[in-house]
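One structure below.
Bear in mind these aren't lab numbers, they're just calculated from the coordinates by the rules spelled out. Note that the coordinates shown come from a computational prediction; the quantities given were computed from them, not determined experimentally. FYI the Cβ positions are ideal-geometry reconstructions off the backbone, even for glycines, and counts take in every protein chain you see.
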Amino acid sequence: MSKALLYDATLCIGCKQCEAGCAQQNKLPYDDHIAAEDVTSDHKFTTVMTRSDKFFRRLCMHCQDPACASVCPVGALHKTANGPVVYEENRCMGCRYCMVACPFGVPKYEWSKVLPKVQKCIMCPDRVANGQPTACAEACPTGATKFGERDELIKEAQVRLHDNPSNYVPHIFGVEEVGGTSVIMISGVAFEEFGLSPAKLPKDPLPIYTYRVLSRIPDFVPLGGAMLGGVWWITHRREEVAAAEAEEKSKKDGGTR
Amino acid sequence: MKFKFTFWKLVFAVIMVAGIYATAVRFAQGLGASTNLSDQFPWGIWVGFDVLCGVMLAAGGFTLTAAVHILNIKRWHSIVRPTILTAFLGYALVSLALMFDLGRPYRIWHPLIMRNPHSVMFEVAYCVMLYTSVLSLEFSPIVLERFKMEKALKIIKAVLIPLVIFGVILSTLHQSSLGTVYLIMPTKLHAFWYSPLLPVFFYISAIAVGLAMTIFESSMSSKYFGRQLELPILRELGRVLYIVLWVYTILRFEDLLHRGMLKQVLVNSYEMRLFWLEVILAMIAPIVLLSFRKLRNSPGGLYLIAVMVVLGFITNRLNVSITGMEGTAGGHYLPKWTEFAITAMIVAAGFALFGLAAKYLPIFPDEKEHDAAAEEPKAVPVTAAVMTNAGD
């Protein structure tokens, strides 16, 4: 069974304990200055955004069928059976296709380094493998970020929306978007205000869009080869026939050659 | 003549010095110091121009080898060698440009052993790698002839046709796949350019640019290397280009119609202006000009049309890779001077290498042929032509 996070923005008090816990777990620097940064970056894998008195957390969504993993030519990113989408920096050659492909703009690059790597939330894979919650979920004092089984968390989100419909916008983010994600989100204000547009995201996993084309290649290669060979044979055969006919004709004409 | 020569030498020297300095900045201080790339714009002109346009501009190689060797259009033979040279240099320079763009260029070989067949980039990497090898083999007779290595020449000649077929397949795959790369970004790329037909568009436009580049480079060769202009061939290429452009234009607009975007392209916006710049340069203007007999038959007219097509499709590639993304990225990307300097250095290196090759290698073999034919009129012309041409 795959693990997931449920983030309930209505329970979030903007204390940023998740940010601090994440920084500690990933050995990243963390101070007031970094806490004030609104966006995720190569040194900040999760952020709590503030819009007037509303808070909303952003982090890697850990897609069920991640675009980043599908586009990586060297397989440096992959989805684990547990749920986390992890990164093997020793494989990465730095083409940055993952950054371009991610519909949530999650992977970040160490632009200032001479030998950079991609940085993003990897959902504490070691902790998850040991049955522990992620560092952010453990740090959360209000239960706004909750760790658990994906199926159960979706059910819980449905219950919360059902019991308190006036508190929430009627949508559970991450159930269907781009084929589903391992971070499930519910909110009291429109997701669009925090840069997530459920309406614009396709329900299909994004890798389908490229795989539809790529999967035709194995058929195309022999077919194309045979076709080009056939055309070559026809165009050259025509010439041979013409040459042979001409020769025969010249022989008939007297064989003077 | 002498002044002109030193002037271009000076321009070349300035570009090289700036490029070498920019190279030092790039490798000593990293991508952040040497580019305006950011998390919003992870890909800039090194991908959009150097790689996407570089591969597109080198498409004449497969277009012309297919026409001459597969379709057996013998009368185009004399322009195959310069086209193969352009293609070979193009791919070599694309690989060089990648070394600047990759965050860790020393791992460029990783796809050889770390494979992800679901990745378009992986497929492109393999195709480009294999096709560069194919091109170097297609190019090798020129070098082998120069050094009179008959045995090796014989081997290449024996495998030429399968080699050409392999090259055409590889080109078809990766030229179209560079469009497939963008299929995974339905939420990011502006709807003027995002289409399920992107791979088809990239492929057809590569053929158009391949033809246009052949006209362009033939005109340049006649101007700067004192080559006799192959006007009858260029006229025929122009006619094929006319058809290819029509096919492309009809498909592009039919696609916009199907996706309900046809009204949008008439509403003024940043993207709308870029779209029409591309459409006018790559489609409308060349098609109109090609329909005038006087223009499509004159060297100057053909040259102008070729330059327009090339610039138009460069605009297209930049729209797909950069400007079409600006709307969703929220901001603009303008390359840093170092990005321009390195791109200019690579382009200048291409021109210089072409010039050197034209000077020291038998790139234009037909001149001798013409002379020979003039000396011994009609002496076994068929076999002679086949013999001298077999190696290309």
Checklist entry - Using alpha-carbon positions, what is the distance between the centroids of the range A:43-100 and the range B:136-151, in Å? => result 49 Å
Checklist entry - For A:ASN130 and B:TYR21, what does the FRET efficiency come to when R0 = 51 Å and r is the distance between their Cβ atoms, rounded to the nearest 0.05? => result 0.50
Item to check | the range B:20-93: proportion of alpha-carbon pairs further apart than 21 angstrom, % | outcome: 48 percent
Next on the checklist: Beyond a 30 Å Cα-Cα separation, which of these cross-linked pairs lie in this structure: B:LYS154/B:LYS223; A:LYS79/A:LYS200; B:LYS294/B:LYS359?
Outcome noted: B:LYS154/B:LYS223; B:LYS294/B:LYS359
Checklist entry - What whole number of Å gives the distance from the Cα centroid of the range A:167-233 to the Cα centroid of the range B:293-345? => result 29 Å
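How much length would be gained if the chain were fully extended between A:ALA81 and A:GLU176, taking 0.36 nm per residue of separation minus their Cα-Cα distance, in nm to one decimal?
Numbers: separation 95, 0.36 × 95 = 34.20 nm, distance 1.88 nm.
Stretched fully, the A:ALA81-A:GLU176 segment lengthens by 32.3 nm.
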Next on the checklist: Greater than 32 Å separation of Cα atoms is the criterion. Which listed pairs, A:LYS203/B:LYS336; B:LYS188/B:LYS263; A:LYS249/B:LYS74; A:LYS16/A:LYS155, meet it?
Outcome noted: A:LYS203/B:LYS336
Checklist entry - For A:CYS121, A:CYS15, what's the fewest-to-most ordering of other Cβ within 10 Å of each Cβ? => result A:CYS15, A:CYS121
Checklist entry - Extent of the protein assembly as shown along each principal axis, from alpha carbon coordinates, in Å, largest to smallest? => result 104, 55, 51
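For A:THR145, A:THR50, what ranking results if the residue with the fewest other Cβ atoms within 10 Å of its Cβ goes first?
Working: A:THR145 27, A:THR50 15.
Final ranking by Cβ density, sparse to dense: A:THR50, A:THR145.
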Checklist entry - Given +1 on the Cβ of Lys and Arg, -1 on the Cβ of Asp and Glu, and no further charges, what dipole in debye does chain A carry about its Cα centre, rounded to the nearest 20? => result 520 debye
Checklist entry - Taking trypsin sites (Lys or Arg not before Pro) as exposed when DSSP calls them loop (any state but H, G, I, E, B) and at most 11 other Cβ atoms lie within 10 Å, what is the longest stretch of chain B free of them, the sites themselves excluded? => result B:1-147
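From the convex hull of the Cα coordinates of the range A:41-119, what is the mean projected area in square nanometres? Before the final figure, lay out each step's value.
Numbers: hull surface 24.3 nm².
Average projection, Cα convex hull of the range A:41-119: 6.1 nm².
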Checklist entry - To two decimal places, what compactness ratio does the range B:30-156 give when its Cα radius of gyration is scaled by 2.2 N^0.38 Å? => result 1.27
Next on the checklist: How tilted is helix B:160-180 with respect to the longest principal axis of chain B? Cα atoms for both, answer in degrees (0 to 90, nearest 10).
Outcome noted: 20 degrees
Checklist entry - Given the C-alpha centroids of the range B:37-76 and the range B:110-133, what is the distance between them in whole angstrom? => result 17 Å
Checklist outcome for this item: Over all Cα pairs of the range B:188-340, the Kirkwood radius sets Rh, and Rg/Rh then becomes 1.02
Next on the checklist: Looking only at Cβ-Cβ distances, which cysteines of chain A have no other cysteine closer than 4.7 Å?
Outcome noted: A:CYS12, A:CYS15, A:CYS22, A:CYS63, A:CYS72, A:CYS92, A:CYS95, A:CYS102, A:CYS124, A:CYS140
Checklist entry - Quick one: Karplus J couplings for the range B:350-364, per residue in order, coefficients 6.51, -1.76, 1.60, θ = phi - 60°, nearest Hz, x for Gly and Pro? => result x, 4, 5, 5, 4, x, 4, 4, 5, 7, 9, 10, x, 7, 10
Checklist outcome for this item: From fewest to most C-beta neighbours within 10 Å, the residues A:HIS43, B:HIS110 line up as A:HIS43, B:HIS110
Checklist entry - Relative to a virtual label point 7 Å from the Cα of A:ALA242 in the Cα→beta-carbon direction, which members of the range B:41-77 show backbone nitrogen distances below 15 Å? => result B:68-77
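Convex hull volume of the Cα atoms in the range A:3-211, per residue, in Å³?
120 Å³
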Checklist entry - Among B:PRO105, B:ILE233, B:MET261, whose Cα sits farthest toward the positive end of the charge dipole of chain B (+1 at Cβ of Lys/Arg, -1 at Cβ of Asp/Glu, about the Cα centre)? => result B:ILE233
Item to check | Loop-located chymotrypsin sites (Phe, Trp or Tyr not before Pro) in the range B:35-129 whose Cβ has at most 15 other Cβ within 10 Å (DSSP) | outcome: B:TRP109
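For chain A, what is the calculated [θ] at 222 nm in deg cm²/dmol (nearest 500), taking -39500 (n - 2.57) for each run of four or more DSSP H residues and dividing by its residue count? Could the numbers behind the result be given before it?
On the way: 9 runs with 91 residues, N = 257.
Estimated from H runs of four or more residues: -10500 deg cm²/dmol.
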Checklist outcome for this item: For A:LYS117, the aspartates and glutamates lying under 12 Å Cα to Cα, once residues fewer than eight places off in the same chain are dropped, come out as A:ASP42, A:GLU88, A:GLU89
Checklist outcome for this item: Simple SL model, points at 7 angstrom along Cα→Cβ for B:GLN29 and B:GLN264; separation in nm is 3.9 nm
Item to check | Cα lying deepest toward the dipole's positive end in the protein assembly as shown, options A:ALA139, B:MET129, B:THR328, charges on Cβ | outcome: B:MET129
Checklist outcome for this item: A chain fully extended from B:TYR224 to B:LEU112 at 0.36 nm per residue, minus the present Cα-Cα distance, gains in nm 36.2 nm
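Where nothing but the Cβ of Lys and Arg (+1) and of Asp and Glu (-1) is charged, how large is the charge dipole of the protein assembly as shown around its Cα centre, in debye to the nearest 20? Intermediate results must be reported in sequence, preceding the final value.
On the way: 62 positive and 54 negative charges, 298 e Å.
Using only the charged Cβ atoms, the result is roughly 1440 debye.
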Checklist outcome for this item: Residue-normalised 222 nm signal for chain B, counting each DSSP H run of n ≥ 4 as -39,500 (n - 2.57), nearest 500 deg cm²/dmol, is -22500 deg cm²/dmol
Item to check | Simple Cβ-charge dipole of chain B, Lys/Arg +1 and Asp/Glu -1, about Cα centre, in debye nearest 20 | outcome: 400 debye
Checklist entry - Can you give the net charge of the other residues whose Cβ lies under 14 Å from the Cβ of B:PHE41, counting K and R as +1 and D and E as -1? => result 0
Checklist entry - Mind listing the phi-derived Karplus ³J(HN,Hα) values for the range B:296-303, rounded to whole Hz, using 6.51, -1.76 and 1.60 with θ = phi - 60°, and x for any glycine or proline? => result 6, 9, 9, x, x, x, 4, 4
Checklist entry - Scattering from the C-alpha atoms of the range B:14-363 alone, worked out with Debye: what is log10 I(q)/I(0) at q = 0.10, 0.12, 0.15 1/Å? => result -0.62, -0.92, -1.43
